[in-house]
Amino acid sequence: MSFVTVTLAFALTVGYGVMAQRRAAQDAELLRSGYVPLMLSLGAALENQNLVSTQLNHITEARNPSDARRWIETARRVRPKVFADVRQAVARGVMPSTDADARMLGQRIVVDVSGIEEFLSQDGDWLAKLFDALANGRVEQAEKLRDDIVAHESEGARRIREIKSRVEAEMDQRTASARARERRSLQSLIALAALTLGVAVGMTLYARRVLGPLAQVTERAKAVAGGDMTPRAVVEAKDEIGELAATFESMVEAIGRANRDRVRAERLAAVGRMAAHVTHEIRNPLSSIGLNLELLEEEMQSAGVETEARQLLGAIRREVDHLSSLSEEYLSLARPKTPRLELEGLAEIVREACTFVAPEMERASVRMRLEVDDGLPDVLLDEAQIRQALSNLVRNAREAMPKGGVLTIGLHQVEGAVELTISDTGQGIAEDIRQNIFDPFFTTKNRGTGLGLAITRQIVEAHAGTISCEAVEPSGTRFRIRLRTAREQAAAQAAGQGTA
Ligand SMILES: Nc1ncnc2c1ncn2[C@@H]1O[C@H](COP(=O)(O)OP(=O)(O)OP(=O)(O)O)[C@@H](O)[C@H]1O
Ligand SMILES: [Mg+2]
């Protein structure tokens, strides 16, 4: 737009300048070869008239009137030539002009000059009478005739002067308009320069404002290349660069997500391999150790031994149990069992689970609240797996509240699904690790495996459900599991998108 503005302004000014230049050249030509020679020829005609008038003024008092008579006759003879010069000046210099006004003036002058010439030519008879009266000494008659002729000649001179001043006025007017045109040319040149400068400054500022954020996008790209994948809004603008920055951020987010998925898949594969070892190398010896420990405990009990040795045996047994459950967890993650789906009511499972963990929660000073909607629809689920998922979440909640707190388990119907929420009033999850908590082996606990949430997610996804996690104000965490109702699942399957 600025380019078009400057180009247009430039074209207009140049066009105007060229026109003004042409007009000025035409005017100068008209003055040089038209009006100036015309003024000179008019001046000559006037002088000739003056000569006649001067000689007439003195002719009655002159000692030798025949001299004056010669002068007058000469002037009268020259007269046609003088007027012809005027007409010729018009024909040569004014009539060829392209200016219609000038041509019209020329035509009028030619007509007027012919009129004056004819008017003056009437003095011939009077002059003859005057010379006759002078020759015969009729002084009184001669003076009267002289006065009449002088008046006649003066009228002719006045008319010539009138034409002269018309031409003069025309010359003045042309000079003035040439000056005005020059002034306007200069003004428009100055205006163009100011406009160009303004547009240039405006464009520079605009470009700086528009392109400035590009530097931020570049910095951000470098940071991403250096490994900073945390999504952030670098440019707030709503223009193309803002859009570019937003698209870039969504790309960074997608890459981050893909990376996390890859890491998860790699870890799962590693777990798979390890689990195979664990199963073969550790599980069997562990179960025989467990079995032998049981026998040993029984023997000690029947022998009535109540010593420290029996307590140690208990500790060993707990560790062995821990190891067994660990190997079970590895196994369940590495080789997930396909859920055996049955139509069940979630409310019952949740209530039973609560009763089961109630003593443990009481010991940990955690108050439990159960919020269950009435008349919830049944869901297709594998009871054992859902219990396991629920137990993982409840255990995490308890571990997040070492000094006690409130655990709220909700069960509500939402559009096409049943939603299970587990909320605690614990320390919450820092924003920067929230996206990692479902990764296998991700843990912030000393004795944690980081498998609880990974297994839970696996179970929920095997049920074609979703799991998410959010912060609770003022502090705490809420996990949200959605399982589609049986009717929704059937509809989804019919539409070819069900996975359960
Ligand atoms: N309710 C919660 N409150 C705060 N942090 C939590 C909560 N649930 C999970 N987390 C965080 O998520 C991490 C991963 O949880 P996950 O259950 O997968 O493993 P873990 O609890 O650390 O180990 P394990 O489940 O084997 O004991 C935890 O270490 C913890 O940092
Ligand atoms: Mg856990």
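Remark: Asp125 falls outside the filter, which requires a residue to be in a helix (DSSP H, G or I), open to solvent by less than 60 Å² (accessible area, probe 1.4 Å) and among the acidic types (Asp, Glu). All conditions but one from (1) loosely packed, with under 14 Cβ neighbours inside 10 Å; (2) touching a residue at least 12 places away in the same chain (Cβ under 8 Å); (3) more than 30 Å from Leu8 (Cα to Cα) apply to Leu211; the one that does not is (3). Can you tell me how many residues in the range 407-447 are aliphatic (A, V, I, L, M) and more than 29 Å from Arg484 (Cβ to Cβ)? Qualifying residue count, the range 407-447: 2.
Among the candidates Glu219, Glu236, the residue that is assigned to a helix (DSSP H, G or I) and of a type outside the set (A, V, I, L, M) is uniquely Glu219. Residues considered: Arg158, Arg174. Of these, the only one that is without any contact (Cβ under 8 Å) to a residue 60 or more places away in the chain and surrounded by 11 or more Cβ atoms within 10 Å (Cβ to Cβ) is Arg158.
Could you say whether any residue in the range 410-426 is within 15 Å of ligand 2 (Cβ to nearest atom) and under 30 Å from Leu380 (Cβ atoms)? So far as the range 410-426 goes, yes, one or more of its residues are within 15 Å of ligand 2 (Cβ to nearest atom) and under 30 Å from Leu380 (Cβ atoms). Taken as a whole, the condition of being closer than 30 Å to Arg23 by Cα and surrounded by 13 or more Cβ atoms within 10 Å (Cβ to Cβ) applies to Arg87. Among the residues of the range 375-392, those that are hydrophobic (A, V, I, L, M, F, W, C) and either away from ligand 2 (no atom under 16 Å from the Cβ) or under 15 Å from Ala486 (Cα atoms) (or both) comprise Leu376, Val379, Leu380, Leu381, Ala384, Ile386.
Residues that are modelled with pLDDT of 90 or more and surrounded by fewer than 18 Cβ atoms within 10 Å (Cβ to Cβ) were ranked within the range 324-343; the one that is nearest to Phe442 (Cα to Cα) is Arg340. Considering the range 438-465, the residues that are in a loop (DSSP other than H, G, I, E, B) and among the aliphatic types (A, V, I, L, M) include one that is nearest to ligand 1 (Cβ to nearest atom), namely Leu451. Could you please find all residues in the range 335-374 being without any contact (Cβ under 8 Å) to a residue 60 or more places away in the chain and within 17 Å of Arg484 (Cβ to Cβ)? Residues satisfying the conditions are Glu342, Glu344, Gly345, Ile349, Asp373.
For the range 214-221, check the following and say yes or no: at least one residue is out of contact with any Lys or Arg (no Cβ under 7 Å at 6 or more places or on another chain), open to solvent by 40 Å² or more (accessible area, probe 1.4 Å) and under 29 Å from Thr5 (Cα atoms). Taking every residue of the range 214-221 in turn, at least one turns out to be out of contact with any Lys or Arg (no Cβ under 7 Å at 6 or more places or on another chain), open to solvent by 40 Å² or more (accessible area, probe 1.4 Å) and under 29 Å from Thr5 (Cα atoms). Here Glu297, Glu281 are screened, and the one residue that is open to solvent by less than 70 Å² (accessible area, probe 1.4 Å), part of a helix (DSSP H, G or I), of a type in the set (Asp, Glu) and more than 16 Å from ligand 1 (Cβ to nearest atom) is Glu297. Looking only at the range 387-437, residues that are touching a residue at least 40 places away in the same chain (Cβ under 8 Å), near ligand 1 (Cβ under 7 Å from one of its atoms) and part of a loop (DSSP other than H, G, I, E, B) come to 4 in all. Any residue that is assigned to a loop (DSSP other than H, G, I, E, B), within 16 Å of ligand 2 (Cβ to nearest atom) and surrounded by fewer than 16 Cβ atoms within 10 Å (Cβ to Cβ) - is there at least one of those in the range 469-476? Scanning the range 469-476, I find no residue that is assigned to a loop (DSSP other than H, G, I, E, B), within 16 Å of ligand 2 (Cβ to nearest atom) and surrounded by fewer than 16 Cβ atoms within 10 Å (Cβ to Cβ), so the answer is no.
The set of residues in the range 350-386 that are β-branched (Val, Ile, Thr) and in a helix (DSSP H, G or I) comprises Val350, Thr355, Val357, Ile386.
The values are calculated or read from the model by the stated rules, or taken from the named source; none is laboratory data. Everything quoted here is computed from the prediction, not taken from an experiment. Positions of Cβ are generated from backbone atoms using ideal geometry, with glycine treated the same way; all protein chains shown enter the neighbour counts. Keep in mind that these areas ignore ligands, DNA and RNA; they rest on the heavy atoms of the full protein, side chains included. Shrake-Rupley method; radii C 1.70, N 1.55, O 1.52, S 1.80 Å.
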